[in-house]
Amino acid sequence: MEKTDVSRRRFNLLAGTLLAGPVPLRAAKPATAEEIVTRIQSSLGGDRLPTSTDGFKAGDPNTPVRGIATTAMATMDVLKRASAAGANLVVTYEPTFFGRQDGPAPPAPPPAPQGGGNPRVPPRIFAGLAADDPVYRAKKEFIEKNGLVVYRLRDSWQSRKENDMTTGLAESLGWTKYRVKPDDVLYDVPAASAEDTVDLIRKKLMLRGGLRAVGDRKATVRRVLLHPGTMNPATMWQRYVETDLIVAGEVREWENTHYAADVYTAGEKRGLVTIGRVASEDPGMRSCARWLKTVVKEVPASWMTVGDLYWRAS
């Protein structure tokens, strides 16, 4: 058998390597925002619909993610708190730039020729702010300067059969165990006056000026319907008779609120409470943060509340 000649110096080097233990592996490369979002969407059921409002709204999707913050709306206050907490992927339920599709509005078309009527005005309600709007620019610049990425997660999150937005609101109110049926939004709560029930809602959700109530404040409330977000007239008209009190995020006043007022004037002991669209969706995005921890385990996920922005005159 051939012998291998190993010098004393070479032997000492080998021995030192063995004593030092195995060479550590290189740390795994952090996942990018796009990679994490792909994982999230896959866990929620795959591809999003072409008409979905979900998607990246600001920042570079190739940014390595250090932490995730979920929120009902990526306000400047939320963005600042997320950045200070080390979270650079912000997952928001509502738009960031005040339009359905987010981002700046398209350029205005050229004005009509003289004598040809009024200049054409581009629709702005769904397009968002103008590209030179100071609020849009300041918000976008803050996101880019601080290396944030904003992703809107609404349609895919809302499609979960668990109805997280409603169950999250019920959890905040302490009503989880009072749900009438697993697949519905009715809750049989301990009997109390409408006034006391509204006071409980205000305190549990830490609301200030954003809560408004219509109906007999002395009426007894036993069954409540929870509807975070926007309640359309058809839903309210169909389900009003099933409940003593509807708790919605927001409604169209001339259709829903005055319908509730006329019901009260007609002698019905039913009421309507609106708590604000974003405030009603806040708890559901706390549930989203908890869910994200089961899907994305390598970085922390936390919930950033928007809160009630309204105040009352004394």
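So here's what we get for this one:
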{"quantity": "One residue from T63, T38, T75, T92 being surrounded by 20 or more Cβ atoms within 10 Å (Cβ to Cβ) and either modelled with pLDDT of 95 or more or closer than 24 Å to V295 by Cα (or both)", "calculated": "T92"}
{"quantity": "Of residues in the stretch 161-185 being surrounded by fewer than 16 Cβ atoms within 10 Å (Cβ to Cβ) and modelled with pLDDT under 95, the one nearest to R202 (Cα to Cα)", "calculated": "D184"}
{"quantity": "Scan of the stretch 162-188 for residues that are of a type in the set (A, V, I, L, M, F, W, C) and over 22 Å from the mean Cα position of the chain (by Cα), ordered by number", "calculated": "V180, L186"}
{"quantity": "Any chance P190 is more than 30 Å from A87 (Cα to Cα) and either touching a strand residue (DSSP E or B) at 6+ places or on another chain (Cβ under 9 Å) or at pLDDT below 95 (or both)", "calculated": "yes"}
{"quantity": "Any hit, the stretch 254-262, residues being of a type in the set (G, A, S), within 27 Å of M285 (Cβ to Cβ) and touching a residue at least 12 places away in the same chain (Cβ under 8 Å)", "calculated": "no"}
{"quantity": "Every residue from the stretch 228-244 that is under 14 Å from T257 (Cβ atoms) and of a type outside the set (S, T, Y)", "calculated": "M231, N232, P233, M236, W237"}
{"quantity": "Among residues of the stretch 70-90, those that are outside any loop (DSSP other than H, G, I, E, B) and within 16 Å of F142 (Cα to Cα), counted", "calculated": "11"}
{"quantity": "Of all residues in the stretch 248-283 being of a type in the set (A, V, I, L, M) and more than 24 Å from M304 (Cα to Cα), the one that is surrounded by the fewest Cβ atoms within 10 Å (Cβ to Cβ)", "calculated": "A266"}
{"quantity": "The stretch 296-314 - residue that is more than 25 Å from G67 (Cα to Cα) and loosely packed, with under 10 Cβ neighbours inside 10 Å and, of those, nearest to the chain's Cα centre (by Cα)", "calculated": "W311"}
{"quantity": "Residues of the stretch 157-190 that turn out to be in a helix (DSSP H, G or I) and either more than 26 Å from L292 (Cβ to Cβ) or not hydrophobic (A, V, I, L, M, F, W, C) (or both), as a count", "calculated": "10"}
{"quantity": "Residues located in the stretch 262-308, provided they are charged (D, E, K, R) and touching a Gly at 6+ places or on another chain (Cβ under 9 Å)", "calculated": "E268, K269, R270, R277, E281, D282, R286, D308"}
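The values are calculated or read from the model by the stated rules, or taken from the named source; none is laboratory data. What you see is a predicted model; the values in this text were computed from it and never measured. Cβ coordinates were reconstructed from backbone atoms using ideal geometry, including for glycine residues, and neighbour counts include every protein chain displayed.
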